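Here is the structure we will look at, set down as structure tokens.
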Amino acid sequence: KPPIIVSELATRMGLKPFRLLADLIKLQVFVAPHQAIEPEVAVKVCEMHGFTFEREKREKGGGVHKVEEVVVEPEAPLDEPEDLLQLRPPIITIMGHVDHGKTSLLDYIRKTKITAGEAGGITQHVAAYKVEHEGKPITFIDTPGHAIFSDMRARGADITDIVVLVVAANDGIMPQTLEAIEHAKKAKKTIIVAINKIDLPTANSMRVKTQLAEKGLQTVDFGGDVEFVEISALTGAGIPDLLELLALQAEVLELKANPKGNARAAIIEARVQPGRGATASVIVETGTLKVGTPFICGPFAGKVKSLINDRGEQIKEAKPGTPVEVIGFDEMPNVGDELVEMDNVRAAQKLADERQLDLRNSRLKMTQKSRMEDLFSNV
Ligand code: GTP
Ligand code: MG
């Protein structure tokens with residue numbers, strides 16, 4: 001069989017050779033771009049970029065039968081055929097400083113009372129809901145404003161389409177407001193500012209907008225391009241305008257996904273629940289997640305036992321953009337991992353075993369490496 005040359009493999013994946021070399025170094029493989037790598041290594045490095053690696057027999061020129069070199073196929077085609085794509089609900093993440101009114105805003109939108117039920121009124125974890133605005137679905141993710149939940153905000157910004165930045169008009173910009181701005185900017189997401197609590201006599205929208213401008217977020221009335229709405233999550237003032245703005249922005253973004261493709265979902269929260277075992281809140285990114293779907297999620301396999309929607313009802317399937325609770329994990333998945341549909345439970349288990357072995361090996365290598373470093377530092 002012909003050798004697998006690094007630079008050729010890189011080309012097939014649409015990557016720069018040095019990118020692949022960097023990944024190879026992570027796998028402890030040290031080669032030059034013109035050198036060959038082992039098929040097992042190629043498999044791993046392809047997987048890191050969402051490709052599966054296969055060697056394929058193909059006929060080539062003049063009836064000469066030849067074993068073709070390397071064929072890489074994307075696990076999920078990056079460009080889905082246009083006719084398979086359907087509009088999906090926008091995913092909107094609500095961020096902001098502690099107590100600025102994120103959950104209250106969502107409450108008002110959902111017309112329920114979540115804040116009252118939360119321990120001390122502080123959001124403990126991420127929650128996701130789907131609502132309808134003028135017949136069109138919108139998915140919202142609530143995030144906690146507390147300082148220790150920084151990684152949750154980073155993750156929220158990642159899977160989201162639009163960030164709604166809630167700033168209390170009586171309080172102005174605070175540390176976690178700034179942090180949310182950073183996460184949203186880093187993830188290159190559109191920010192819409194909701195200046196909240198305008199019902200309070202101490203509310204000062206002008207100050208909020210000035211502070212935002214100082215941080216590089218110039219609202220439209222200041223000559224910038226950041227849309228904003230003044231709202232009160234308490235009275236509901238301005239909230240219809242906010243929803244309208246979100247619907248408009250979503251339309252501009254033309255968010256589409258293929259509901260018939262292989263299902264993929266982002267884990268936004270995971271926990272162990274009595275009687276249910278390990279469960280996770282996910283947002284379906286593409287494909288349709290169904291009861292009975294076998295899957296892999298990071299180093300764990302599983303099969304969807306049941307799906308529960310944001311109203312606590314059992315459902316049979318969840319389409320792209322839908323938040324849903326998944327029951328059926330073998331072990332508690334890692335937040336930030338992706339659930340990927342597999343053909344069958346056996347294939348899922350096999351991949352899980354491989355990934356766990358890889359994890360153990362890399363941990364072993366890490367400890368060996370640090371032991372070596374200790375040794376040398378003592379010389
Ligand atoms: P964390 O989840 O802890 O980050 O807080 P949060 O941003 O979700 O704030 P939450 O919705 O829990 O609201 C905090 C407090 O502000 C509650 O007592 C709300 O009743 C109050 N509040 C929220 N919005 C408004 C508003 O528009 N006007 C007034 N007056 N109070 C509000
Ligand atoms: Mg909250």
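Largest mean-square fluctuation among Val193, Val164, Val208, in a Gaussian network model of the chain whose springs join Cα atoms under 10 Å apart, belongs to Val208. With respect to the chain, whose longest principal axis is taken over its alpha-carbon atoms, helix 17-26 is tilted by about 90°.
Rounded to the nearest 0.05, the FRET efficiency derived from the C-beta distance between Ile315 and Asn344 at R0 = 22 Å is 0.45. Taking the longest Cα principal axis of the chain as reference, the axis of helix 150-159 is set at about 70 degrees. Reported to the nearest whole Å, the Cα centre-to-centre distance from the range 181-259 to the range 302-319 is 32.
Could you work out the helix-only [θ] at 222 nm for the chain, with each DSSP H run of four or more residues adding -39,500 (n - 2.57) and the total divided by the number of residues, to the nearest 500 deg cm²/dmol? The per-residue figure over the chain is -10000 deg cm²/dmol. Given their separation in residues at 0.36 nm each and the Cα-Cα distance between them, Ser306 and Leu84 gain 77.3 nm when the chain is fully extended.
Loop-resident GluC sites (Glu not before Pro) (DSSP state other than H, G, I, E or B) in the range 233-278 with no more than 12 further Cβ atoms inside 10 Å of their Cβ: Glu254. Only Lys, Arg, Asp and Glu carry charge here, each on its Cβ (+1 for the first two, -1 for the last two); on that basis the range 334-374 has a dipole of about 300 debye about its Cα centre.
Fraction of C-alpha pairs exceeding 30 angstrom in the chain: 50 percent, rounded to a whole number.
When each of the peptides 294-307, 15-28, 274-287 is scored by how many other beta carbons lie within 10 Å of its residues on average, the order from highest to lowest is 294-307, 274-287, 15-28. Translational diffusion of the range 121-264, estimated by Stokes-Einstein from the Kirkwood radius over alpha carbon pairs at 10 °C in a medium of 1.306 mPa s, is 98 µm² per second.
With respect to the chain, whose longest principal axis is taken over its alpha-carbon atoms, helix 175-186 is tilted by about 40°.
Excluding residues fewer than 8 places away in the same chain, name every one of the lysines whose C-alpha is closer than 18 Å to that of Lys303. Answer for Lys303, where 18 Å is the Cα cut-off: Lys290, Lys316, Lys319, Lys350, listed by chain and number. Distance between the C-alpha centres of the range 146-167 and the range 1-51: 34 Å, rounded to the whole angstrom. Checked against a 25 Å cut-off, the cross-linked pairs Lys185/Lys209; Lys102/Lys189; Lys102/Lys256 give Cα-Cα distances beyond that limit for Lys102/Lys256.
Each value in this text was obtained by applying a stated rule to the coordinates, not by laboratory testing. If you're wondering where the values come from, they're calculated on a predicted model, not measured in any experiment. Note that we place each Cβ from the backbone using ideal geometry, even for glycine, and neighbour counts take in every protein chain shown.
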